[in-house]
Amino acid sequence: LQGDAEGAAEVAFDDASWEVVNLPHTVSLIAAEGSGCRNYQGPAWYRKHVTFGPEFAGKRLFLHFEAIMGRCEIFVDGRSVCKHTGGYLPVVLDLQEAGVPTGRPVVIAVRADNSDDGSYPPGKPEDVLDFTYHGGIYRDCWLVSTGETYITDPNLVDHVAGGGIFVHSEEVSAARAVVVVETDVRNDAPKARTVTADTRLGLAGGGGREGGRGGSVPA
């Protein structure tokens, strides 16, 4: 919905007249050469009625929004569970921590607002820019399902240079390069587990050699 709507986060809100859209989505369409101050700026609402069936019991579930432009707030059955500022980084919601159950319907609502805001890039009012930035959930959103032991999402772990799979080089010369792979594993099972991480790296373009080294780590 383009614009604001009082009560749009609530379960009982009537959204029958809302347009059905697919993600990624922009609040308004403009010409390809459109520049600043030509697109819609302001709030926009999205609502999703969904039931996570018994096949997800015992799983960890995450919603991974690749980006939501501007300031956003996510609600589950009317409860605010996540806020994010900035339109170019992912927004990840842990559905278990957000209290989303399996086996019964829930309503997930997102309020996005791409109004001028100097607290995140580009930081300037749009009327002084030579490009436009669209509003809404303008990149894809993914449902990620894992077991009780899983590789974390770096956006949720929020460790500097850590979380998820972090690849970096400690030594690079004409003779050789040393690549370090750090994998952050979390175990939500009631018992300790030992897991094996198998990492495979390939040269850009798909050519050359490929190698991998597994390692067992307690989780």
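The values are calculated or read from the model by the stated rules, or taken from the named source; none is laboratory data. This one's a predicted model, so the numbers in the text were calculated from it and none came from an experiment. As a convention, Cβ positions derive from the backbone with ideal geometry for all residues, glycine included, and neighbour counts pool all protein chains shown. Heavy atoms of the whole protein, side chains included, go into the accessibility calculation; ligands, DNA and RNA do not. Shrake-Rupley method; radii C 1.70, N 1.55, O 1.52, S 1.80 Å.
Cα atoms only, region 1-102: Rg and Dmax in Å?
15.4, 48
Please list the radius of gyration and Dmax for region 140-199, considering alpha-carbon atoms only, with Å as the unit.
Here Rg and the maximum Cα pair distance are 14.8, 48 Å.
With the full set of protein chains in place, find how many percent of the accessible area of region 1-133 is carbon and sulfur; take the probe as 1.4 Å.
The value for region 1-133 is 52 percent carbon and sulfur by accessible area.
Here are labelled values, [x] 17.7, 54; [y] 21.0, 66; [z] 18.5, 63, and one is the computed Rg and Dmax of the Cα atoms in Å for what I pasted. Which one?
Checked against the structure: label [y].
Each residue of region 131-138 in turn: what ³J(HN,Hα) in whole Hz from Karplus with 6.51, -1.76, 1.60 and θ = phi - 60°, glycine and Pro shown as x?
9, 10, 10, 6, x, x, 8, 8
Below 26 Å Cα-Cα, how many Lys pairs turn up in the chain? Only count pairs eight or more apart in sequence, or on different chains, if you could.
5
With charges set only on the Cβ (+1 for Lys and Arg, -1 for Asp and Glu), what does the dipole of the chain come to about its Cα centre, in debye to the nearest 20?
The calculated dipole for the chain is roughly 800 debye.
How much area per residue is accessible in the chain when the probe is 1.4 Å and only protein heavy atoms are counted (Å²)? The partial results should precede the final answer.
Working: 13050 Å² over 219 residues.
That works out to 60 Å² per residue.
From the phi of every residue in region 15-27, what ³J(HN,Hα) in whole Hz does the Karplus formula 6.51 cos²θ - 1.76 cosθ + 1.60 yield, where θ is phi - 60° and glycine or proline is x?
With coefficients 6.51, -1.76 and 1.60, one gets 10, 4, 8, 6, 5, 8, 10, 10, 9, x, 9, 10, 5 Hz.
Roughly speaking, what % of Cα-Cα pairs in region 69-154 are separated by over 20 Å, rounded to a whole number?
On the way: 1638 of 3655 pairs.
Value for region 69-154 (Cα pairs over 20 Å): 45 percent.
Enumerate the amide H contacts of Gly70 below 5 Å, restricted to partners 5 or more residues apart or on another chain; note that Pro and chain-start residues carry no placed amide H.
Here the answer is Gly86, Gly87, since their amide H atoms fall under 5 Å of that of Gly70.
Quick check: convex hull over the Cα atoms of region 93-137, volume per residue in Å³, rounded to an integer?
Details: hull volume 4.4 nm³, N = 45.
Normalising the Cα hull of region 93-137 by residue number yields 97 Å³.
Run lengths n ≥ 4 of DSSP H only: what is the helix-derived mean residue ellipticity at 222 nm for the chain, with -39500 (n - 2.57) per run over all residues, to the nearest 500?
When only DSSP H runs of four or more count, the value is -500 deg cm²/dmol.
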